[in-house]
Every structure is written in C-alpha cells, then in structure tokens.
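Step one of this worksheet: look at the structure below.
The values are calculated or read from the model by the stated rules, or taken from the named source; none is laboratory data. Predicted model, so just to flag it, every value in this text is computed and none were measured. Heads up, the Cβs are rebuilt from the backbone with ideal geometry, glycines too, and the neighbour counts pull from every protein chain shown.
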Amino acid sequence: MTRPSDRVAFDPVRSPYLIEEADFPWTGPLAEQYLFLLRYVVLAPSTHNTQPWKFSVSENGIEVFADYSRRLRAADPGNRELVMSIGAAMYNLRVAAGHFGFSCTIDYEYSGASDRPIAVTALAPVPGHRETDSLFSCIVRRHTNRQPFLQSRIPRAVLDAFSALAGGSWVSLKISVDGALNGQVGELVAVADRLQLADPEFRRDVAEWMRPNWTERPDGVPVVNLGFKGAASALTPSSVRVLDLGTMRATGDGSLCSEAPALIVLHSEDSVPRWVEAGEILERVLLTLVREGLQASYFNMPIKVPELRVKLRSLLGIPSWPQVLLRVGFSLAEASPTPRRPVEDVLVKPGTF
C-alpha cells in the first residue's frame, strides 16, 4: 500500500484523509506509532487552513510548537485563533491516542513563547486497553461546509447534547435557534464583512491563503470551498487582494447566518489558557456535529472587530467574550476537504527523535 511518506503519490487534498487503521504499526517502535497518531492530529481545523503547528517526537511523547511564521498579522493580530487551532489539534490527539490504546496527558505552556513547545504530550501504551470513542471515525470526515443549509429544524435532543459538551471547563457554550436573534447576529456579520474587506492588509492576509481549485499546495483554502468554481477561480485570490468585495460578501454571509437553523457560540475570558481550551471544545463540538449528521461553518467575522465583538457579547447576553461563532444545520451538499501537509513536513526534526 502506498503510504503518505511516498511524496510522489501524495495528493494533499485526498491522501491525508485516507488513513487505514489496519496500517497502525503495532509492532513498530514508539516513534513510528506516534507519527501515525499525528496523521489524525493534522486534520484539525485552523484559521484559513494555515496549519500553524510543528511537532517534535521523542520516546516519551510529542511536543507541539506554534508555528508563528504562519500567523495572520491583520486577520488574527493577537494569535487568538492560532492558539485555538493548537487546542483543536490536541483534542484530535486525545481521541486518536485513546483509540489506539495510549494514555495521553497534555501539559500546556501558556506563555505562548515561540521557542518553547505550547504543549507537551506524554503518551504511554496501555496493554489490552483501547477506548471506544464514537468521535474517532469523525476526524477524517470533518470538513467546513459553506453551502446554504436546509431549513430543517435540529431535534431538541441533539441540541441538548451539545449544551453539555463544554461541561467542567472554563469555556461555555450557547445555542440559539431564535430566528430573530440569529438575524441580528447576521447583521453584525454583514457589518464585519464590510469593515474587514475595506482594509487592504486584511485582504492581503486572506488572499495569501486562498488557492485555485486545481492547486497542489498542501495548505490554504481552495476557492471551490468558498463557492467559486471554474476557470475564474484562478483570479479569485488576486481579486480579493485588490478589490473591496465587502458589500457583496456581506449580503451573502449575512443571509446565511440569519437563515441558519442554529448558531453555536463558544465563549470564555481572553487568555492563552482559555483560547487553548476553547480550541479543544471547538473540535469536540465539530466532531460531534459530524456524528449527528450536521454541518457547520464559521462566522467569526464580528468576533475579529473589537467594537462588534462587544455588541455581539451584549446581543447574545453571555458573561464572557465570544471566541467562535458557528452556523449549524443539515445540508444536501457535500463539504469539500481542504489540503493538508504530510506529517514529515510539520516535524521540527524530520525523521529523527
């Protein structure tokens, strides 16, 4: 069987998601087993699919570094979303480690220093033990779906299950199925679109991570995922870079948010520890959505504009700062995967302990 290390055959859009459990190297060295776990870790979501992480493998586990060379200086100036991406990756590691019979303890370095690992993971095989987690199979099926959702109501029992996902953490979760409230949130989304896309630096940040649909780049977002198809997709990144398309985007995004069957908001205080925790809870929510047959996309626009973030917090009546805003619903349209870098490309010291 061709493995991801075979770079000639590696397709960044398809290969990362074609993981065969049977290929787990049960009789191999721990280093090889940890590298296999990383194949699930790198499927975590990240803002604009920047994949801002690096890993170092040792006999004791995995060190995780934030890759600040991939930060979005205008779109994420405080690295809030970058840090949440690390948290999401760590949740994938917890799920994958348990599935393959490892205990997993994660200690976070909350200073955010670029020369120190943001997380140190201690892994140890537990003979005869493998956790049964229904979310494991969802890791390879989780994709952002930016298409319109059906107007079908989400069963109350499903929504109640989501309400419990942040239990015991410093991060809280709010669900809104109130059409009027969602409409007001949609108005803030539209205002945020216009403000952000009027900023040339913000547009450059976004355009840098947009890819033509036939791209072979292993990161960023192919514009088909944003609703652009055909030959014109090649012009989309340059158009976004030089043109203020805020009014056009605002109309579409505002409507999608307003018409969503449900909105999910994660909120917490602003600090590196809470951002990491929000990232873990986010991935738990996203994987649970997959398990329940639901789709989601991000509408974080007003969270990125300070004055609109204040308004969003007040509008939602939440006691802490919104960190993530998700649009949730059912869709007949299949979500497209985004590319991923192969594991060897995200190692601090490729091929060595």
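Values computed for the structure shown
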| quantity | calculated |
| --- | --- |
| Test: residue in segment 256-272 that is in contact with a Gly (Cβ under 8 Å, 6 or more places away or on another chain), small (Gly, Ala, Ser) and surrounded by fewer than 23 Cβ atoms within 10 Å (Cβ to Cβ) | yes |
| Scope segment 303-334; condition within 20 Å of the chain's Cα centre (by Cα), farther than 26 Å from residue 194 by Cα and not charged (D, E, K, R); matching residues | 330, 331, 333 |
| When residues of segment 180-189 are limited to those that are surrounded by fewer than 22 Cβ atoms within 10 Å (Cβ to Cβ) and either without any contact (Cβ under 8 Å) to a residue 40 or more places away in the chain or among the hydrophobic types (A, V, I, L, M, F, W, C) (or both), the one nearest to residue 311 (Cα to Cα) | 181 |
| Condition met for residue 127 (free of Cβ contacts under 8 Å to residues at least 60 places away in the same chain, at negative phi and either buried (at least 19 other Cβ atoms within 10 Å of the Cβ) or not charged (D, E, K, R) (or both)) | yes |
| Residue 326 vs. criteria hydrophobic (A, V, I, L, M, F, W, C), part of a helix (DSSP H, G or I) and touching a residue at least 12 places away in the same chain (Cβ under 8 Å) | no |
| Residues (among the β-branched types (Val, Ile, Thr), closer than 18 Å to residue 92 by Cα and in a loop (DSSP other than H, G, I, E, B)) located in segment 109-131 | 118 |
| Filter pass, residue 318 being over 14 Å from residue 80 (Cα atoms), assigned to a loop (DSSP other than H, G, I, E, B), modelled with pLDDT of 95 or more and hydrophobic (A, V, I, L, M, F, W, C) | yes |
| Qualifying residue in segment 158-167 (condition: assigned to a loop (DSSP other than H, G, I, E, B), surrounded by fewer than 18 Cβ atoms within 10 Å (Cβ to Cβ) and either in contact with a His (Cβ under 7 Å, 6 or more places away or on another chain) or at pLDDT 95 or above (or both)) | no |
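Yes/no matrix, rows are residues, columns are (1) modelled with pLDDT of 95 or more; (2) surrounded by 19 or more Cβ atoms within 10 Å (Cβ to Cβ); (3) assigned to a helix (DSSP H, G or I):
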| residue | (1), (2), (3) |
| --- | --- |
| 25 | yes, no, no |
| 34 | yes, yes, yes |
| 40 | yes, yes, yes |
| 43 | yes, yes, no |
| 62 | yes, yes, no |
| 72 | yes, yes, no |
| 76 | yes, yes, no |
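To keep it simple, each residue is scored yes or no on (1) among the hydroxyl-bearing types (Ser, Thr, Tyr); (2) within 20 Å of residue 209 (Cβ to Cβ); (3) out of contact with any helix residue (DSSP H, G or I) (no Cβ under 8 Å at 6 or more places or on another chain).
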{"site": "255", "(1), (2), (3)": "yes, no, no"}
{"site": "258", "(1), (2), (3)": "yes, no, no"}
{"site": "287", "(1), (2), (3)": "no, no, no"}
{"site": "292", "(1), (2), (3)": "no, no, no"}
{"site": "295", "(1), (2), (3)": "no, no, no"}
{"site": "308", "(1), (2), (3)": "no, no, no"}
{"site": "314", "(1), (2), (3)": "yes, no, yes"}
